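Below is a structure I'd like to ask you about.
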Ligand code: IFM
């Protein structure tokens, strides 16, 4: 029974039997053990050890110590009833310098992980790249260098040859928007560069890397997996008379510059025009868009919140106070005159607005734009300032705000499905509290709490709530 209310708190919504409920993590955010078993340094090791880049100068050296707690973390997944687990493979564990022969110990670790999942009846969803580029590749240009895309295909081939009889779903890249624009445009992420032309070259080489990697995987895998990429598409609300122009620009840079080549075989002409003063796009070589547009089985969607935009005239004091005048450090090359307005609340502790209608809108839009392409929510979740309470039976985290967030977003996903969207599953971000990039350990996204002194895991109430959803296949009341 649905109540259909505007708050997305419907009761009694049932999910189909083949809907894949799971949870997601990423290597650098949870593994730790950065110097062990031959792992090479990544750009995030370098960046996080650069003073002032990360909140509290935190780093991923130990993270959640998952590398040493693999078996008990797998058992935890069973306790929660997960049907799938989305993890990422650290490229520098497989190829310490990003090229050359495989590091056996690195492959063996992920083999234990995949085998451990399968033995427990959990489907492995493997992401090849969740931002931890081998530092040696960055030293010769990183994602601004076409050779990195070619190296990525070789890495994909190595991993595919080893695990390509067991992985259920391959994801090439996680959120290339972040890798390109935060890594090379705004400088908020590793490697911390601030150059618009470099960011746009990175966009293209990431797209190319995806295409080359899918082809390389197809060459070597022996089972019948799905192939996918995960994008953090922006849900954009226009504001005022200039909102449509602002939305077009941000949609171009955030969404269409990926969806175009990946799914339609071309870059959007308006994005090329908008950025003509920054780059001539000569890094796109003849034939590249054909290489990028590989058939995929599923598109991964990461969704957290929405943005509202309008154009600004360049004299607004509020914009100056926001630092948008720093043209050297924008994630929006060529569109620095778009202003991002404060969103109506409520907010998570990231300051991100909570708007489940954005997820429904996004899924329905993708379904209409690309009919026949299955979708999966590969990340959704929320950071809140959790409180640990000591009760008679031990410590607990009553994270009602996270339960409510998840309830509302699962409802949004369900509503999208009733509108015809072919949604195959939902991976909650995140299984564990973890290293939240520039925010270090200050933000907790986990449905399981991690004590960063003892590394003990404590399932929060949201984990119990999620376990009940998975068991009953109905959103708990
Ligand atoms: O923690 C990140 C994740 O690595 C990528 N997607 C967004 C999450 C929350 O910021």
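The values are calculated or read from the model by the stated rules, or taken from the named source; none is laboratory data. This one's a predicted model, so the numbers in the text were calculated from it and none came from an experiment. Note that each Cβ is placed from the backbone with ideal geometry, even for glycine, and that neighbours are counted across all protein chains shown.
Kindly establish whether residue 6 is more than 26 Å from the chain's Cα centre (by Cα), without any contact (Cβ under 8 Å) to a residue 60 or more places away in the chain and away from the ligand (no atom under 16 Å from the Cβ).
When the stated conditions are applied, residue 6 passes them.
Pairs, please: C-beta under 7 Å, at least 6 apart or cross-chain, first residue within 22 Å of residue 106 (Cα to Cα) and in the range 161-190, second within 16 Å of the ligand (Cβ to nearest atom) and in a helix (DSSP H, G or I)?
Correct list of pairs: 173/206.
Just checking, how many residues over the range 166-220 are outside any helix (DSSP H, G or I) and within 16 Å of the ligand (Cβ to nearest atom)?
The initial filter retains those residues of the range 166-220 that are outside any helix (DSSP H, G or I), namely 166-175, 187-195.
Still in the list and also within 16 Å of the ligand (Cβ to nearest atom): 171-175, 188-190.
So the answer is 8.
If the requirement is being within 16 Å of the ligand (Cβ to nearest atom) and assigned to a loop (DSSP other than H, G, I, E, B), which of these qualifies: 402, 444?
Only one candidate qualifies: 444.
Has the range 31-45 got any residue that is over 25 Å from the mean Cα position of the chain (by Cα), assigned to a strand (DSSP E or B) and either within 15 Å of the ligand (Cβ to nearest atom) or surrounded by fewer than 23 Cβ atoms within 10 Å (Cβ to Cβ) (or both)?
No, because not a single residue in the range 31-45 is over 25 Å from the mean Cα position of the chain (by Cα), assigned to a strand (DSSP E or B) and either within 15 Å of the ligand (Cβ to nearest atom) or surrounded by fewer than 23 Cβ atoms within 10 Å (Cβ to Cβ) (or both).
Moving on to the next point. Is there any pair linking a residue in the range 19-46 that is without any contact (Cβ under 8 Å) to a residue 60 or more places away in the chain and under 16 Å from residue 134 (Cβ atoms) to one that is in a loop (DSSP other than H, G, I, E, B) and within 14 Å of the ligand (Cβ to nearest atom), with Cβ under 7 Å and at least six apart or on different chains, and which?
Sorted first by the residue in the range 19-46, then by its partner, the pairs are 31/63; 31/90; 34/60.
Related question: Restricting to helices (runs of 4 or more DSSP H) lying wholly in the range 221-308: which have 1 or more residues that are over 21 Å from residue 198 (Cα atoms)?
Answer list for the range 221-308: 243-251, 288-292.
On the given criteria, is residue 328 farther than 27 Å from residue 241 by Cβ and at pLDDT below 95?
yes
Just one of (1) crowded, with 18+ Cβ neighbours inside 10 Å; (2) over 17 Å from the mean Cα position of the chain (by Cα); (3) within 18 Å of residue 28 (Cα to Cα) trips up residue 411, so point out which.
Result: residue 411 fails condition (3) only.
Taking into account only those residues within the range 242-252 that are touching a residue at least 24 places away in the same chain (Cβ under 8 Å) and out of contact with any helix residue (DSSP H, G or I) (no Cβ under 8 Å at 6 or more places or on another chain), which is surrounded by the fewest Cβ atoms within 10 Å (Cβ to Cβ)?
Among residues in the range 242-252 that are touching a residue at least 24 places away in the same chain (Cβ under 8 Å) and out of contact with any helix residue (DSSP H, G or I) (no Cβ under 8 Å at 6 or more places or on another chain), the one surrounded by the fewest Cβ atoms within 10 Å (Cβ to Cβ) is 245.
For every residue, the table says whether it meets (1) at pLDDT 95 or above; (2) within 21 Å of the chain's Cα centre (by Cα); (3) more than 13 Å from the ligand (Cβ to nearest atom).
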position	(1), (2), (3)
366	yes, yes, yes
376	yes, yes, yes
391	yes, no, yes
394	yes, no, yes
416	yes, yes, yes
428	yes, yes, no
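Sticking with this structure for a sec: Identify, from the list 395, 476, the residue that is in contact (Cβ under 8 Å) with a residue 40 or more places away in the chain and part of a loop (DSSP other than H, G, I, E, B).
Answer to the selection: 476.
Can you find a residue in the range 309-322 that is in a strand (DSSP E or B), modelled with pLDDT of 95 or more, in contact with a strand residue (DSSP E or B) (Cβ under 6 Å, 6 or more places away or on another chain) and within 30 Å of residue 226 (Cα to Cα)?
Checking the range 309-322: not a single residue is in a strand (DSSP E or B), modelled with pLDDT of 95 or more, in contact with a strand residue (DSSP E or B) (Cβ under 6 Å, 6 or more places away or on another chain) and within 30 Å of residue 226 (Cα to Cα).
Further, regarding this structure: State which residue pairs qualify: first residue closer than 15 Å to residue 59 by Cα and inside the range 438-450, second residue not in a loop (DSSP other than H, G, I, E, B) in any location, beta carbons under 6 Å apart, and separation of 6 or more residues or different chains.
439/55; 440/55; 440/56; 442/55
Hey, among 153, 126, which residue is part of a helix (DSSP H, G or I), away from the ligand (no atom under 14 Å from the Cβ) and under 30 Å from residue 83 (Cα atoms)? Steps first, please.
On the way: 126 fails: part of a helix (DSSP H, G or I).
Only one candidate qualifies: 153.
Checking the conditions here, which among 351, 372 is without any contact (Cβ under 8 Å) to a residue 60 or more places away in the chain, surrounded by fewer than 20 Cβ atoms within 10 Å (Cβ to Cβ), within 16 Å of the ligand (Cβ to nearest atom) and farther than 27 Å from residue 87 by Cβ?
351
Looking only at the range 127-143, count how many residues are surrounded by 22 or more Cβ atoms within 10 Å (Cβ to Cβ) and over 20 Å from residue 435 (Cβ atoms).
Count: 3.
Right, next: Would you mind telling me which numbered condition in (1) surrounded by fewer than 20 Cβ atoms within 10 Å (Cβ to Cβ); (2) farther than 21 Å from residue 365 by Cα residue 189 fails?
Every condition holds for residue 189 apart from (1).
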